């Protein structure tokens, strides 16, 4: 039986998976050649960084998650810490870059990140809701 250092992330376990700690998510599909090439790099990074959760989201099985995050190409790497989205990188990420990203995310001052995130969210919620299409009804 093949052992793995990654976990399967679904719509059902997504919130629990990302709510605390550092999480690297790989959006992938079985038919995607670059995804298959990236898989062993991602798996090896998971083995080198046991303090980080490495999750895999199958875009075919979890289309709602892919849509929610606007995933348009695969593979796509998404990085979160304590439930806050820090970055999204489409395409294959080399081993060295994954290691550097892990070091950068560990070194973040999360108090500053949280404050910036809260300010951004407050600004976003204060903006009026806009319609994308003339046929859309305004919010009630």
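The values are calculated or read from the model by the stated rules, or taken from the named source; none is laboratory data. Predicted model, so just to flag it, every value in this text is computed and none were measured. Here the Cβ is made from the backbone with ideal geometry for all residues, glycine too, and neighbour counts use every protein chain on show.
Of note:
- When the residues of region 86-102 are filtered to those that are within 21 Å of residue 72 (Cβ to Cβ) and without any contact (Cβ under 8 Å) to a residue 40 or more places away in the chain, the one that is surrounded by the fewest Cβ atoms within 10 Å (Cβ to Cβ) is 87.
- Test: residue in region 2-21 that is part of a loop (DSSP other than H, G, I, E, B), in contact with a helix residue (DSSP H, G or I) (Cβ under 6 Å, 6 or more places away or on another chain) and more than 29 Å from residue 120 (Cβ to Cβ): yes
- Test: residue in region 63-70 that is at positive phi and either within 13 Å of the chain's Cα centre (by Cα) or assigned to a helix (DSSP H, G or I) (or both): yes
- Test result for residue 73, without any contact (Cβ under 8 Å) to a residue 60 or more places away in the chain and part of a loop (DSSP other than H, G, I, E, B): yes
- Within region 33-49, residues that are at pLDDT 95 or above have Cβ atoms under 6 Å from residues that are part of a helix (DSSP H, G or I) in these pairs: 41/95; 45/98; 49/102, counting only partners at least 6 apart in sequence or on another chain.
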